[in-house]
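The structure appears right after this line, and notes come after that.
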Amino acid sequence: MRSPGNAETVEHLYTTGEVASLLGIPSSTLKEWERRGYLSPPARAGQRRRYSEAELKCIVRVQALTRKYRYREQVLAAVAAGEALDMELPPALRPVSEPPSVSELAGGPELERLLDLAAVNAELFAEQRRAFKRVAAAEEAYRLLLESSPDIIAGIDATGIVRYVNPAVAILGSEPCDLAGRHFADVLRQWNSSSIEESLWLVLSGKVRTLHRQLEVPRRGRAVTLDVKAATMMKNDRPSGAVVIARDISGGQSEPREP
């Protein structure tokens, strides 16, 4: 760990409890290995034992030797001979150093890598913002298309509740807020137009995927003739509702009626 105002590093020393916890070795085993001569007793700080990184490597090595050899004499001989087992100090025991300073990174490959990574992240963030703007623009265009359509457009969920209706419903003397949240059957009865209720239920259930009918709705002493089309909406291969489009054809020629 780097000391404040000092470029030199101070080696981290571990207590017996820390070593035992990190390596999974009881402290009594460490003391037994010392008694048998496998390890040299560590230095003390007051009443506590302190292990250096070099001593930790020795502990890891002795641990491996005791697994490899069965008898004390074999372990002692391997320790004395400095038998190498290509052992690595566990990552959890490696001292954590402070990150290098900017001056240490300047001009080095690490700084170049970090700058490249920052540039990539900035570009990804910018592209994400552009994507959000494109989606928002598309949603706004779709909303404007629905709101400005002269045809009545309504969305009905699978339970028959009207979830959306555009302002064109004003031709029937209603406002969107008057219809949204109501059951479509109640709306049809209000307009004395229950004749297509059963057909719409078939569309909502998916038994019939499309509907094309003409409907007359009384409006201020006259009848408004609507050319009504409905289609089932699907989600995960299951009916999730229906979209209904009704066009006022009172003053023009009606489209052919499906049988």
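Taken together, the values in this text are just the output of simple stated rules run on the coordinates, not laboratory data. None of these values were measured; they are calculated from a predicted model. Here the Cβ positions follow ideal geometry from the backbone for every residue, glycine too, while neighbour counts run over all protein chains shown.
Assuming R0 = 25 Å, can you tell me the calculated FRET efficiency for the pair ILE161 and HIS212, based on Cβ-Cβ distance, to the nearest 0.05? The partial results should precede the final answer.
Working: r = 23 Å, r/R0 = 0.92.
In this case the efficiency is close to 0.60.
What does the charge add up to near ILE161, with Lys and Arg as +1, Asp and Glu as -1, over the other residues with Cβ less than 13 Å from its Cβ? Walk me through the numbers on the way to the answer.
Details: positive: ARG163, ARG182; negative: ASP157, ASP186.
Net of charged neighbours comes to 0.
Quick one: if you stick a label point 7 Å off each Cα along the C-beta vector at GLU34 and ALA180, how many nm between them?
For GLU34 paired with ALA180, the spin-label model returns 7.7 nm.
For the pair GLU18/LEU145, report the inter-label distance in nm, with labels modelled 7 Å from Cα in the Cβ direction.
Output for this residue pair reads 6.6 nm.
Between TYR69 and VAL120, how many nm apart are label points set 7 Å from Cα along the C-beta direction?
Calculated label separation equals 4.9 nm.
Send over the Kirkwood Rh of the stretch 149-248, from the inverse of the averaged 1/r over different Cα pairs, rounded to one decimal Å. Mind dumping the intermediate values first?
Values: mean 1/r = 0.0745 Å⁻¹.
The Cα-based Kirkwood calculation yields 13.4 Å.
Just to check I understand the Karplus step: with θ = phi - 60° and J = 6.51 cos²θ - 1.76 cosθ + 1.60, what whole-Hz values come out for the stretch 174-186, glycine and proline as x?
10, 10, x, 5, 6, 10, 4, x, 9, 6, 4, 5, 5
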